[in-house]
């Protein structure tokens, strides 16, 4: 689980030089996206386009830690109650630095003149807030700003002087069929029995997921104590890897849940708008669409704070319970590229996995599609027990492809070749899994698997069939990616990984009789649901050119783990260590 680097320095509202008195009302925003509101923003301000038009932020952090996790009796809040509180849930501008600047230019009116400033249409007005700044010299202070109700009247003196304003968002684009993020701010002046009007259109910033070409400062995981020695040892090794990768920040550990799969219940994202001194950004932590997965509540219980907000999908079919298709292990991001069909993805593109005819929950799909810039590309993950894209594919930095990245993908053929070569070299009686339970605690494996030799594994017809089945699906997914991304096939990094069927040791997947839907899908006739045979090196952590890989526990010959050496060689092709 990665927390990418701190967003750019956050700027206060800055307005351009005051212009002369206008002959008609003029309201401006940062239409040309240079971080300053001035005369250069006048043209085309009434209609927002992808290339021109002001942007504002969802101001959904908790800058003063006022949002509770429990009620007055100490009972946990419902999911909806927990997610409802943020800096924009009231009528105070608690974080002025996240408000986008607006300005009306001086307009000469008689003393009896007045004006209204309001957002439209109605569907947008309830999702944004507009504020009036009475004290520009104190623009970073909450007390300098007043909420502007649509019926609030601005007097003639204010109209003549020009009005300093700010706008922020109360929520995100959750479904573009309901609200596409656009809002028109209208400036109506009433004077001498005449109504004068002007308008400027803005759009809320999209919430974007991070990709592996962005820098990393902090690793997230779940805390543990002596009662959970496996997670405790994992954290020790993760911390050593963090230090070796040069990350100064300590591990950030969740402590409100025993759910160790942080990668699955949370996905870091961000929203950004132009500022005078560079991008103004707020972190948005996404909670997985798994309503009964309490670990996801930590988005709000622990992470929500100054400059950090959260999004929680609510409702929708298949969002109840803890369905693995909705975990964030089933969501990854392709780094920026231009597709073979010419479509630009300047901030990358999301991939998700479907489970044959079953799709990820519609509330999350609507949200991701509503952000527009990273519309998900669907792969097929229904052949896997858990069914996540991160079990077989990832995107890693590379200076050899012309894209800045390449695809790393699980490869059973090379893994089987390593086993055959080991057997041919006289190591057929070596254990296929070298894990030593007496000295290690970080791997759950059956006694039957531990006793299986290389030759026994190669002689197992079901094992060979399962891996051929897995490879067919991996190959089909790779074809989807290569049809989209202009990457040469020979530049794909193939990482040796083996798979097993549910009944090939290691047990199945427990299903509690608690009334909740099963986490995973049922096995279809003549099909398998498979999982990695040993820890899959493909499912690791990318930190620049450093790669923290699960130890594969492959067969050992001459004191060397054959799979471990193969993994190092594979990632070495991308210049990673």
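The values are calculated or read from the model by the stated rules, or taken from the named source; none is laboratory data. Just so it is clear, the model here is predicted, and its values are computed rather than measured. Positions of Cβ are generated from backbone atoms using ideal geometry, with glycine treated the same way; all protein chains shown enter the neighbour counts.
Taken over segment 146-156, the criterion of being more than 23 Å from residue 38 (Cβ to Cβ) and not in a strand (DSSP E or B) is satisfied by 149, 150, 151, 152, 153, 156.
Here the condition is being touching a strand residue (DSSP E or B) at 6+ places or on another chain (Cβ under 6 Å), more than 18 Å from residue 533 (Cβ to Cβ) and in contact (Cβ under 8 Å) with a residue 12 or more places away in the chain; of 405, 392, it holds for 405 alone.
Just one of the listed residues (483, 470, 476) is under 22 Å from residue 419 (Cα atoms), assigned to a helix (DSSP H, G or I) and modelled with pLDDT of 95 or more, and it is 470.
Tell me whether segment 392-400 contains one or more residues that are out of contact with any helix residue (DSSP H, G or I) (no Cβ under 9 Å at 6 or more places or on another chain), farther than 18 Å from residue 285 by Cα and modelled with pLDDT under 95. Checking segment 392-400: at least one residue is out of contact with any helix residue (DSSP H, G or I) (no Cβ under 9 Å at 6 or more places or on another chain), farther than 18 Å from residue 285 by Cα and modelled with pLDDT under 95.
Tallying residues that are in contact with a helix residue (DSSP H, G or I) (Cβ under 7 Å, 6 or more places away or on another chain), crowded, with 21+ Cβ neighbours inside 10 Å and touching a residue at least 40 places away in the same chain (Cβ under 8 Å) within segment 332-373 yields 6. Going through (1) touching a helix residue (DSSP H, G or I) at 6+ places or on another chain (Cβ under 8 Å); (2) more than 30 Å from residue 157 (Cα to Cα); (3) in a loop (DSSP other than H, G, I, E, B) one by one, residue 83 falls short only on (3). The set of residues in segment 264-311 being part of a loop (DSSP other than H, G, I, E, B) and closer than 17 Å to residue 215 by Cα consists of 279 alone.
For segment 35-52, indicate whether the set of residues that are at pLDDT 95 or above and in a strand (DSSP E or B) is non-empty. Yes - at least one qualifying residue is present in segment 35-52.
Looking only at residues of segment 166-208 that are more than 30 Å from the chain's Cα centre (by Cα) and free of Cβ contacts under 8 Å to residues at least 60 places away in the same chain, we find that the one that is farthest from residue 375 (Cα to Cα) is 193.
Looking across segment 127-152, the residues that are over 35 Å from the mean Cα position of the chain (by Cα) and farther than 16 Å from residue 103 by Cα come down to 151, 152.
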